[in-house]
Structure formats: structure tokens, C-alpha cells
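Working notes for the structure below.
Quick note: the coordinates plus some simple rules give every number you see, no bench work behind them. As the structure is a computational prediction, the values presented were derived from the model and not from experiment. Note that we place each Cβ from the backbone using ideal geometry, even for glycine, and neighbour counts take in every protein chain shown.
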Amino acid sequence: VAVALQVEAQAAPTWRLVEEWRVGGEVEGALSFSDPRGLQRLPNGGLVVFDFKDQQVHFFDARGTPVRTVGRKGAGPGEFRNANGLFVMPNGQIVISDPSNTRFTILAANGDLVRTVPVQIRGFGYLWEPFWHEGKLVE
């Protein structure tokens, strides 16, 4: 038994290159980072990124769509001077190390300022990388 099939010619798919993320160069929006010093997943599946150059915290949903940006350079509430990293706590709050302002800044998972915690910072590292161990944040 022989079966003849007629196959219609299909056009080759057209590819298009789309830049979605950028690291380096000038900061030009929420998807451009010049010096990311922290990237963590939030409990809701979204992402939070701290960019050193602009001293801002960028929030993204689970698909990578920008949701909110908070912070700026300075010494006031919600401002940062040489902050060097972040950590997402099990409850979703975000701790940002801000050694030049001698404090930690605590943000809610949506980016709202919760409080600042004064600390005696022993030194300034390029990148703050704490971890969670037995119910405590360990530097």
C-alpha cells in the first residue's frame, strides 16, 4: 500500500532579537543594571535586584516584568550610600546592608519601607552575602 502526501511549503520562521536584560553601561530603565550586588527570589515567585550604581532596589514579577523600583542615593529613610547587598528573609522581608549609613534597611516584599536598624559595621566588603541558619541571619 502506498500513500501519497501532499506537503505544502511553509515559510521559514522569522527570528527577531529582543534585548530583555542588560548588565553594564548606562542605566536606562528597570531592565538595565550596571552593577547588581544582590538578586534573590521573593516568596511570591518574583525577583528583587539591588543595583549598586543607582543604589536602587528593583522588583519584578515571576515572569520578569518590572513591578516597582525603590530607593536612591542618600542618607534619609529608604535611601542608600554604598549599600552592598540584600537578603530575602523567610517572611519575605528584604534586608539591605548599608554600611556607609551604618544601618540595615528592612523593606516589605512589595518594597515598602518597614524600618531601619542601626548597626556598627565592622568593615565594608564589595558584596554582602549573608545566609539563613537555625532561624538567624548570619553574616
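With each label modelled as a point 7 angstrom along the Cα→C-beta vector, the residue 131-residue 65 pair spans 3.6 nm.
Ranked by the mean number of other Cβ atoms within 10 Å per residue, highest first, peptides 40-47, 132-139 order as 40-47, 132-139. Taking all Cα pairs closer than 8 Å and separated by 6 or more residues, the relative contact order of the stretch 78-119 comes to 30 percent.
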